[in-house]
Amino acid sequence: LPPPSSVLVIFGATGDLARRKLLPALYNLAHEGSLPERFQLIGVSRGELTDDGYRDEVRQAIERFSRRPPDATVLDALLENVFYVTGGFEEDDAYRGLAQRLGQLDAAAGQPLNRIFYLSTAPRFFGAIVGQIGGHGLARREGADTRVVIEKPFGTTETEALELNRRVLEVLHEEQVFRIDHYLGKETVQNLLALRFANGLFEPIWNRNHIASVQITAGEAVGLEGRAGYYDGAGALRDLVQNHLLQLLCILAMEPPTAFAADDIRGEKVKILRAIERIDRDQMHLHAVRGRYGAGAVGGDVVPAYVNEPDVPASSTTETFVALRLQVDTWRWAGVPFYIRTGKRLSRKLTEIAVTLQPVPHLAFHGGGTVEPNQIVFTIQPDEHVSIKLAAKVPGSGMHLRPVTMDFSYGTSFLSTSPEAYERLITDALRGDATLFTRADEVEAQWAVIQPILDAWAADASPPDEYAAGSDGPQSQQRILRDGDHWRAI
Ligand code: BG6
């Protein structure tokens, strides 16, 4: 069943995220018939544009960034329902204009339509926009639902995140708030839940008795992509670890939920976040490494050092690489290291979770060869698959052993391309399903893990450890490994 009739209001309607992700996702949903039967889009932004002017921008964005070439009939039908309101995000006029437009659309429909306000602006406006929505009486009304989708980053410190939650929850109920983490919209991330909780194979071994370590990697080959203004103030820990990688850790480590429903899933994730041990300042060097890329070559292209990138100040101490060793203090996970690693300008794009099992207690074979512990690797992207490393007998006389892998590949099993994360997340917001969005206490618990590391780094004047662009990160990442563990190649 398509989601109920709705008006989607995008603040930051002409911005990069809207053009690259949101508008193409809407087109693809339209193409599949997954949008509500009555669906209207209102773009809000400072630029002076008419409805037609904005429609042209929407068309261009879709033609350029959609994952499928647009079909003229579908695109025209979508564009007929696109409108534009000019205004600054902090100015009353914008909200008066918006309220008027929304009223007209309700009147034309002969019913109050659900309203989804999507905050795709610079994060400094999030609090003000929600305040204005409340101030102009747009936060709720009889007979239809109102929801607010908030993009990342949700605050830049723990204190800011707490303050933003306070401002948002002054105006809205938590059930109306949809905080985006686009990793949760990825098919492979949701499949991690399916694999863990719809198979008998994994759960019995999913604990400290059988699992030796967990390693979560998010390598990127890209550099700043013109985002120095944002990235230099953020750094890798805030940009990818605080949100996406802690979400992956939670999904891997959480207890089985009673239902695939928003509060069950999110409640379990919060328990994991709260169980992550806080790292003491004097132990920080044993648990956290920060790095920054120097000049090098990535995929054959020679690239400059981070500090020589356009718009990066020479005095910058921002990290472009992070490696952490975290500990989840629960009955299930005590003593199992959770390694997390991410970086820009690494050798290639690779997001994966590798679960290494304990070695077998006794090996009866004397035929030689290598026996390595079993490893289950969930490759989130780009080459989406799950593989299990096993020891097998090499054909021939004798008992010579060698590691082999058993693979499940999405491409060959399903023969279809996965939808973009934003397609799934927009549909869920239209339906009012918050399972794949972050709850207030969850985002606060994420910040509580990260803030002590940020504070320790801020108090330490030494620059991040250098690595060559195109490598797998700084040598110093070795220092946080437990004896016998090693980083996987990216
Ligand atoms: C974003 C970060 O949240 O995630 C970017 O701001 C990063 O710096 C991106 O490149 C990675 O997302 P994906 O979906 O390409 O893995």
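Couple of notes before you dig in:
- Restricting the first member to segment 159-181 and to residues that are more than 12 Å from residue 149 (Cβ to Cβ), and the second to residues that are of a type in the set (Lys, Arg), the beta-carbon pairs closer than 9 Å and six or more apart or on different chains are 173/140; 174/439; 175/147.
- When residues of segment 418-428 are limited to those that are buried (at least 20 other Cβ atoms within 10 Å of the Cβ) and either at pLDDT below 90 or under 16 Å from the mean Cα position of the chain (by Cα) (or both), the one nearest to residue 263 (Cα to Cα): 428
- Some residue of segment 318-337 being over 28 Å from residue 188 (Cα atoms), within 16 Å of the ligand (Cβ to nearest atom) and of a type in the set (Ser, Thr, Tyr): yes
- Of the residues making up segment 48-85, those that are touching a residue at least 40 places away in the same chain (Cβ under 8 Å), open to solvent by 40 Å² or more (accessible area, probe 1.4 Å) and small (Gly, Ala, Ser) number 1.
- In segment 52-88, residue nearest to residue 30 (Cα to Cα) [restricted to those that are hydroxyl-bearing (Ser, Thr, Tyr) and outside any loop (DSSP other than H, G, I, E, B)]: 73
- Which listed residue is at pLDDT below 95, open to solvent by 20 Å² or more (accessible area, probe 1.4 Å) and either within 30 Å of residue 99 (Cβ to Cβ) or charged (D, E, K, R) (or both), from 167, 141: 141
- Residues located in segment 363-417, provided they are open to solvent by less than 40 Å² (accessible area, probe 1.4 Å) and within 20 Å of residue 187 (Cβ to Cβ): 376, 377, 378, 379, 380, 381, 385, 386, 387, 388, 409, 410
- Count of residues meeting criterion [touching a Ser or Thr at 6+ places or on another chain (Cβ under 9 Å) and open to solvent by less than 10 Å² (accessible area, probe 1.4 Å)] in segment 267-292: 4
- Of residues in segment 220-236 being crowded, with 21+ Cβ neighbours inside 10 Å and assigned to a helix (DSSP H, G or I), the one farthest from the ligand (Cβ to nearest atom): 236
- Hits in segment 182-201 - residues which are more than 16 Å from the ligand (Cβ to nearest atom), in contact (Cβ under 8 Å) with a residue 24 or more places away in the chain and either open to solvent by 50 Å² or more (accessible area, probe 1.4 Å) or over 23 Å from the mean Cα position of the chain (by Cα) (or both): 197
Residue by residue, here is whether (1) open to solvent by 10 Å² or more (accessible area, probe 1.4 Å); (2) part of a helix (DSSP H, G or I); (3) at negative phi; (4) at pLDDT below 95 holds:
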{"site": "218", "(1), (2), (3), (4)": "no, no, yes, no"}
{"site": "238", "(1), (2), (3), (4)": "yes, yes, yes, no"}
{"site": "248", "(1), (2), (3), (4)": "no, yes, yes, no"}
{"site": "294", "(1), (2), (3), (4)": "no, no, yes, no"}
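- Answer from 456, 434 - the residue that is open to solvent by less than 20 Å² (accessible area, probe 1.4 Å), modelled with pLDDT of 95 or more and not in a helix (DSSP H, G or I): 434
- Hits in segment 1-38 (condition: hydroxyl-bearing (Ser, Thr, Tyr), touching a Leu at 6+ places or on another chain (Cβ under 7 Å) and either outside any helix (DSSP H, G or I) or open to solvent by 10 Å² or more (accessible area, probe 1.4 Å) (or both)): 5, 6
- Test set (1) touching a Phe, Trp or Tyr at 6+ places or on another chain (Cβ under 6 Å); (2) open to solvent by 10 Å² or more (accessible area, probe 1.4 Å); (3) under 29 Å from residue 482 (Cα atoms) - residue 214 fails condition number: (2)
- Scan of segment 258-296 for residues that are under 26 Å from residue 438 (Cα atoms) and small (Gly, Ala, Ser), ordered by number: 259, 261, 262, 267, 275, 288
The values are calculated or read from the model by the stated rules, or taken from the named source; none is laboratory data. Being a predicted model, the structure only gives us computed values, none of them experimental. Methodologically, a virtual Cβ is constructed for each residue, glycine included, from the backbone with ideal geometry; neighbour enumeration extends over all protein chains shown. Ligands, DNA and RNA are excluded from the accessible area calculation, which covers all protein heavy atoms including side chains. Shrake-Rupley method; radii C 1.70, N 1.55, O 1.52, S 1.80 Å.
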